[in-house]
Amino acid sequence: MSDCLFCKIVAGTIPAKKAFEDDECLGFFDIHPQAPTHVLVIPKRHVRTVNDLTIEDERLLGHLFLSAARFAKTQGLADSGYRCVVNCNAHGGQTVFHLHVHLLAGRPMTWPPG
Ligand code: 5GP
Ligand code: ZN
């Protein structure tokens with residue numbers, strides 16, 4: 001999508017600090033980190049929200065989470081733990097409408113979230 005911020009990061013027209021990448025997904029560091037490690041894992045293909053996922057996206061969604069977990073393991077963050085968050089629409093707190101998994105790590109998280 002031409003007017004989507006994260007599509008522009010995928011295209012390289014807006015810079016981002018990459019954490020990892022493959023054919024289908026990109027992990028990059030959040031510009032306003034909420035934890036010592038805060039990476040956004042996105043599909044390279046534009047998907048607007050969780051509501052827009054279809055049965056064809058089942059494997060892609062698994063790939064996003066497996067990629068997040070692999071990164072956490074390679075960074076030595078897996079055993080201490082981390083949080084994966086996907087916000088959806090206004091009440092979920094979504095502000096960028098290109099599906100993304102927040103990977104938050106490096107400090108204890110609290111519950112419930114705000
Ligand atoms: P949401 O609120 O939609 O769940 O999360 C969007 C996230 O994108 C926020 O944590 C915000 O800090 C991050 N973000 C917004 N604009 C940019 C940007 O230009 N670059 C990077 N790296 N992160 C961004
Ligand atoms: Zn997009």
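Just a few scattered comments:
- Note on the range 42-59: among residues that are touching a helix residue (DSSP H, G or I) at 6+ places or on another chain (Cβ under 9 Å) and charged (D, E, K, R), the one that is most open to solvent (accessible area, probe 1.4 Å) is Arg45.
- Pairs with Cβ under 6 Å, 6+ apart, first in the range 22-34 and touching a residue at least 24 places away in the same chain (Cβ under 8 Å), second in a strand (DSSP E or B) and near ligand 1 (Cβ under 8 Å from one of its atoms): Asp30/His38; Asp30/Leu40
- Residue within the range 31-53 that is in a helix (DSSP H, G or I) and of a type outside the set (S, T, N, Q) present: yes
- Residue among Leu60, Leu66 that alone is farther than 17 Å from Asp30 by Cβ, within 15 Å of the chain's Cα centre (by Cα) and within 15 Å of ligand 2 (Cβ to nearest atom): Leu60
Per-residue answers, yes or no, for (1) of a type in the set (Phe, Trp, Tyr); (2) touching a helix residue (DSSP H, G or I) at 6+ places or on another chain (Cβ under 8 Å):
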| position | (1), (2) |
| --- | --- |
| Ser2 | no, no |
| Phe6 | yes, no |
| Gly12 | no, no |
| Lys18 | no, no |
| Asp22 | no, yes |
| Pro33 | no, no |
| His38 | no, no |
| Arg70 | no, no |
| Thr74 | no, no |
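- If the condition is being surrounded by fewer than 14 Cβ atoms within 10 Å (Cβ to Cβ) and touching a Gly at 6+ places or on another chain (Cβ under 9 Å), then the range 70-108 contributes Ser80, Gly93, Pro108.
- The range 56-93: number of residues that are over 24 Å from His46 (Cβ atoms) and in a helix (DSSP H, G or I): 3
- Here Ser67, Ser2 are screened, and the one residue that is surrounded by fewer than 18 Cβ atoms within 10 Å (Cβ to Cβ), out of contact with any His (no Cβ under 6 Å at 6 or more places or on another chain) and of a type in the set (Ser, Thr, Tyr) is Ser2.
- Selection within the range 35-58 - in contact (Cβ under 8 Å) with a residue 40 or more places away in the chain and within 17 Å of Phe97 (Cα to Cα): Val39, Leu40, Val41, Ile42, Pro43, His46, Val47, Arg48, Thr49, Val50, Asp52, Leu53
- Qualifying positions in the range 5-22 - surrounded by fewer than 14 Cβ atoms within 10 Å (Cβ to Cβ) and assigned to a strand (DSSP E or B): Lys18, Glu21
- Taken over the range 23-41, the criterion of being buried (at least 20 other Cβ atoms within 10 Å of the Cβ) and within 7 Å of ligand 1 (Cβ to nearest atom) is satisfied by Phe28, Leu40.
The values are calculated or read from the model by the stated rules, or taken from the named source; none is laboratory data. From a predicted model like this one, the values you see are computed outputs, not experimental measurements. Neighbour counts are summed over all protein chains in view; Cβ atoms, including those assigned to glycine, are modelled from backbone coordinates with ideal geometry. The accessibility values were calculated without ligands, DNA or RNA, using every heavy atom of the protein model including side chains. Shrake-Rupley method; radii C 1.70, N 1.55, O 1.52, S 1.80 Å.
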